[in-house]
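One structure is given here, and the rest of the page talks about it.
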Amino acid sequence: MLLTALALLTAPAVQVATAAKGTTEQARLTLCLDQARKDPATAITTAGLWLNEAHDAGRALPQQCLGQAYVSLLRWDAARTAFLAARDSALAGGYAVRARLGAMAGNAAIAGKELAAALADLDKAAADAGLAGDKVLAGSIEADKARALVGLKRDAEAAAALEQARADAPQDADVWLLSATLSRRGGDLKSAQAQIETAVGLDPKDPGIALEAGVIAELAGNEEAARKSWSAVVALAPDAPEAQTARTYLAETGVTSK
């Protein structure tokens, strides 16, 4: 779970050029991002033509679209490069925008297993979020940093990053899920249980949270709660990868599920 969340890459369009052409450019970005998800090859051409006519801060928008197109094609290094270019093109004072774009670059690097590069991108993004005074954004970036740190086997630093993330973004269910997963992997089932309960309370319909809740319950010896959580995963998202994993766990405990 710690290396799969790419929420920032699929977030709504980041508003980076309202000082330039305003809502017209934002509408253009929205259309380009939609194309990037549905027809990424064409979106690359669209973004390229847009870049040819864009200047200064206005280049951030087509670069963002280009990055999303590369994400759709699983071209993580190219996506990271485009998101970094978008960040660097954004207005110097737009720290929240720069933070979001930098976080997108970091997430692309995580997906491409370039974890040291991801951590560098996310450190810069966290600094920009701090300058923006956006604690919730800063918290989400700390959670991303934790994912990179876990991949680098720096679990103590990851735990510290998640502690900060919980303080800054206490309503973010993914932060609590990541915290529970790390606590569980570290053998601290008491903390894991408390953290996953908070995650469930914040987002009771997330199959990933329900799946982790079942794993924690099983390790704690509460098989009935584990089966209940895994059955909920199948009911919530029967076609999701989490559901297939839940079915496997249920089968191992002697329970069959459709």
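Note down all Cβ pairs under 8 Å where the first residue falls in region 166-194 and is under 18 Å from residue 155 (Cα atoms), the second is assigned to a helix (DSSP H, G or I) and among the aromatic types (Phe, Trp, Tyr), and they're at least six residues apart or on different chains.
166/176
With the structure loaded, tell me whether residue 23 is surrounded by fewer than 18 Cβ atoms within 10 Å (Cβ to Cβ), outside any helix (DSSP H, G or I), polar (S, T, N, Q) and at pLDDT below 95 or whether it fails that test. Spell out the reasoning first.
On the way: surrounded by fewer than 18 Cβ atoms within 10 Å (Cβ to Cβ): yes; outside any helix (DSSP H, G or I): no; polar (S, T, N, Q): yes; at pLDDT below 95: yes.
It is false that residue 23 is surrounded by fewer than 18 Cβ atoms within 10 Å (Cβ to Cβ), outside any helix (DSSP H, G or I), polar (S, T, N, Q) and at pLDDT below 95.
Of all residues in region 161-207 being farther than 22 Å from residue 240 by Cα and basic (Lys, Arg), which is surrounded by the most Cβ atoms within 10 Å (Cβ to Cβ)?
184
Let's see how each residue does on (1) in contact (Cβ under 8 Å) with a residue 12 or more places away in the chain; (2) of a type in the set (Asp, Glu); (3) buried (at least 18 other Cβ atoms within 10 Å of the Cβ):
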{"residue": "209", "(1), (2), (3)": "yes, no, yes"}
{"residue": "216", "(1), (2), (3)": "yes, no, yes"}
{"residue": "239", "(1), (2), (3)": "no, yes, no"}
{"residue": "253", "(1), (2), (3)": "yes, no, no"}
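Mind checking whether some residue in region 67-79 is part of a helix (DSSP H, G or I), closer than 21 Å to residue 137 by Cβ, in contact with a Cys (Cβ under 9 Å, 6 or more places away or on another chain) and without any contact (Cβ under 8 Å) to a residue 60 or more places away in the chain? Break it down into steps so the answer makes sense when it comes.
Taking region 67-79 and keeping what is part of a helix (DSSP H, G or I), we get 67-72, 76-79.
Retained after the next criterion (residues that are closer than 21 Å to residue 137 by Cβ): 67-68, 71, 79.
When the remaining residues are screened for being in contact with a Cys (Cβ under 9 Å, 6 or more places away or on another chain), the result is 68.
Retained after the next criterion (residues that are without any contact (Cβ under 8 Å) to a residue 60 or more places away in the chain): 68.
Yes; the residues of region 67-79 include at least one that is part of a helix (DSSP H, G or I), closer than 21 Å to residue 137 by Cβ, in contact with a Cys (Cβ under 9 Å, 6 or more places away or on another chain) and without any contact (Cβ under 8 Å) to a residue 60 or more places away in the chain.
So which of 61, 91, 66, 84 is over 21 Å from residue 145 (Cα atoms), among the aliphatic types (A, V, I, L, M) and surrounded by fewer than 24 Cβ atoms within 10 Å (Cβ to Cβ)?
After ruling out the rest, the residue left standing is 91.
Only one of (1) more than 19 Å from residue 126 (Cα to Cα); (2) touching a helix residue (DSSP H, G or I) at 6+ places or on another chain (Cβ under 8 Å); (3) of a type in the set (D, E, K, R) is not met by residue 153, so which one is it?
The single condition residue 153 does not satisfy is (2).
Spot the failing condition for residue 91; the list is (1) in contact (Cβ under 8 Å) with a residue 40 or more places away in the chain; (2) part of a helix (DSSP H, G or I), and only one is missed.
The single condition residue 91 does not satisfy is (2).
The values are calculated or read from the model by the stated rules, or taken from the named source; none is laboratory data. This one's a predicted model, so the numbers in the text were calculated from it and none came from an experiment. Note that each Cβ is placed from the backbone with ideal geometry, even for glycine, and that neighbours are counted across all protein chains shown.
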